[in-house]
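Each remark here refers to the structure printed beneath this line.
FYI, it's all coordinate maths here, none of it is from the lab. Worth saying up front: this structure is predicted, and the values here are computed from it rather than measured. Here the Cβ positions follow ideal geometry from the backbone for every residue, glycine too, while neighbour counts run over all protein chains shown.
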Amino acid sequence: MLKTGMNMTMTSSYDMLLVVLSIVVAIVASYTALNLAGRVTAAQGSSRVAWLLGGATAMGIGIWSMHFIAMLAFSLPVPISYNMGITFLSMVAGIIASAIALFIVSRSSMGVLQLTLGGVLMGAGIGTMHYTGMAAVQVDAAVSYDPVFFVLSVIIAVVVSIVALWLAFHLRNETGTVGMLQKGISAFVMGGAIVGLHYTAMMASNFMPTATSSAVPAVAKAGMDNSWLAWVIGISTFVILGLALISSLISQRMTGGQPMAVGVPKGVGTAR
């Protein structure tokens, strides 16, 4: 229900089952990204471009899906809907951020400058995805942002991106059981960081009641519809990421599990 007083923020809540779903999607998307980094690195010519575009699309949809499912898990005492055009633009921002990430980690070397610049660009892309998604929210309330949490969310986005790029760069050519274990652990770290970024950004959002704000019976129905939509998006994302992983594994087997590109990295700052 609404807190009393027009200057009080609305009380929000989360569907914890959908929160868990968003976390799982983030982890699976992170694992897929780590595998796709290796495929983009190994490919050459037009095949490299295809892997970059396909990988960025799959990875971007995965990150965006986590974000949107988490948004659908969020509820207020008034109905919430979304502008689908703006929502689509937020997904495009996620794909662009993913393309930047895959391009950087697929290079033969990555110095501190490239890592930092790439992290800033990727972080800016993820931040743009989130706040564009917030702009798509249609609700009978005035939305404002806490400047401290807003800045903190941007900083986290950049730090998360730098960590993700570093992990992807160092694990891109790892194969076998040990490689899968390393990527699995890293996926938990990356996925958890992405989720932390989203919910920190949500803490920056304040929804203030307006003169026409009121809780209505339609809220319950809207909640059920949101839950159904979230599961459809989640399952569809798992299918897309699953296809990307299968394609990556098939490509890896066809190349004998060996990277085709020269300049296998030994660490950040490795010279070619």
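As a length-normalised measure over Cα pairs under 8 Å and 6 or more apart, the relative contact order of region 1-131 settles at 30 percent.
Determine the calculated [θ] at 222 nm for the chain from helices alone, applying -39500 (n - 2.57) to every DSSP H run no shorter than 4 residues and normalising by the residue count; nearest 500 deg cm²/dmol. Display every interim value, and only then the final one.
On the way: 7 runs with 192 residues, N = 272.
Per the formula, -25500 deg cm²/dmol.
In whole angstrom, how long is each semi-axis of the equivalent ellipsoid of region 36-87, when you take the square root of 5 times every eigenvalue of its Cα gyration tensor and sort them from largest down? Could the numbers behind the result be given before it?
Details: eigenvalues 251, 25, 3 Å².
Listed largest to smallest, the semi-axes of region 36-87 are 35, 11, 4 Å.
Relative contact order of the chain: 34 percent, from C-alpha pairs under 8 Å at least 6 residues apart in sequence. Distance between the 7 Å Cα→Cβ label points at Gln44 and Thr175: 1.6 nm. For region 111-122, the Karplus equation 6.51 cos²θ - 1.76 cosθ + 1.60, evaluated at θ = phi - 60°, returns couplings of x, 4, 5, 5, 5, 5, 4, x, x, 5, 5, 5 Hz by residue, with Gly and Pro reported as x. A Stokes-Einstein calculation at 10 °C with viscosity 1.306 mPa s, built on the Kirkwood radius of region 49-199 over Cα pairs, returns a diffusion coefficient of 98 µm²/s. Rounded to whole numbers, the Karplus 3J(HN,Hα) couplings from phi for region 155-167 are 4, 4, 4, 5, 4, 4, 5, 5, 4, 4, 5, 4, 5 Hz, using 6.51 cos²θ - 1.76 cosθ + 1.60 with θ = phi - 60°, and x at Gly and Pro. Model label points for Val232 and Tyr14, set 7 angstrom from Cα along the Cα-to-Cβ axis, are 2.4 nm apart.
Evaluating kT/(6 pi eta Rh) at 25 °C and 0.890 mPa s, with the Kirkwood radius of region 12-124 over Cα pairs in the Stokes-Einstein relation, gives 160 µm² s⁻¹. Between Val143 and Phe188, the simple label model (points 7 Å from Cα in the Cβ direction) yields a spacing of 3.4 nm.
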